[in-house]
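Input: a single structure, listed below in structure tokens.
Coordinate-derived values only; no laboratory data. Since this is a predicted model, take the numbers as computed values, not measurements. Glycine also receives a Cβ, built like all others from the backbone with ideal geometry; neighbour counts cover every protein chain displayed.
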Amino acid sequence: MAALIEAAGPFRLHPQECDSPFRHLAEAIVSQQISGRAATAILGRFVASFLQDQRNISRRRSRKGDATIDFFPSPEAVLGAKESKLRAAGLSSAKVEAIYDLAAKTVEGVVPSTLLLRTLDDEEVIDRLTVVRGVGRWTVQMMLMFQLGRADVLPTADYGVRNGFRIAYRRRSLPTPGELQRFGERWAPYRSAAAWYLWRAVDLEKAGVEWTRPRVVSSQLSGAARPRDVDVAPRRRLGERTR
């Protein structure tokens, strides 16, 4: 990990809080299992379909003209919309059902406000939000990292994180989520930073960057006691949201 940190540079994950958990999770549902370009197009049509003035787009200028105001439909508006409207935006039937369920659970208070989420620990947030159709543990973990800025999240089922571990520790195969979970305990309470650096390992390999990496032995992966890796606590933030 020390060599990876040196190669990747300072930790640059800067959380970007959006208006509400409803919006964040709705965008996540729309984006599932499709390319980023397709998700952007569908999300744009979805948002535009709720604008009263069809000449507007999802971003509108403020009166002063020097700032933008994000528009996103409310849960109530989504619940009042016909299925055909959502399908016309490009959402599959499964995603339409998930969006409706998310909206209903937001109105009911099952999906809490960002203010309330800040008072809950990570597992409480995961338990609270994964009752929504189409929202799994990974989706909530991304929210914890990129919206709420939680410092100790390790998404062990994330392919990029697992592949980054394989690259960083010169493994021939991907670690199982359980192996990664046990190994990652040494990075607590900064496992979000560790995940970010493992994503960077994938980027470095794609870019053809060479860097020295230690070889991990089987006893380390089994969770055997050993000194911690270098502390991966972020020293500064440079305003980057991308993984």
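Here are the numbers:
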{"quantity": "Prolate/oblate/rounded call for the stretch 101-178, Cα gyration tensor, a/c under 1.5 rounded", "calculated": "prolate"}
{"quantity": "Within the stretch 117-191, GluC sites (Glu not before Pro) in DSSP loop having at most 10 other beta-carbon neighbours inside 10 Å", "calculated": "none"}
{"quantity": "Rounded if a/c under 1.5, otherwise prolate or oblate - the stretch 1-53, Cα gyration tensor axes", "calculated": "prolate"}
{"quantity": "For the stretch 137-148, 3J(HN,Hα) per residue [Karplus equation, 6.51 cos²θ - 1.76 cosθ + 1.60, θ = phi - 60°, Hz, x = Gly/Pro]", "calculated": "4, 4, 4, 5, 4, 4, 5, 4, 7, 8, 10, 8"}
{"quantity": "Dimensionless Rg/Rh of the stretch 155-206 - Kirkwood Rh, Rg from C-alpha atoms", "calculated": "0.93"}
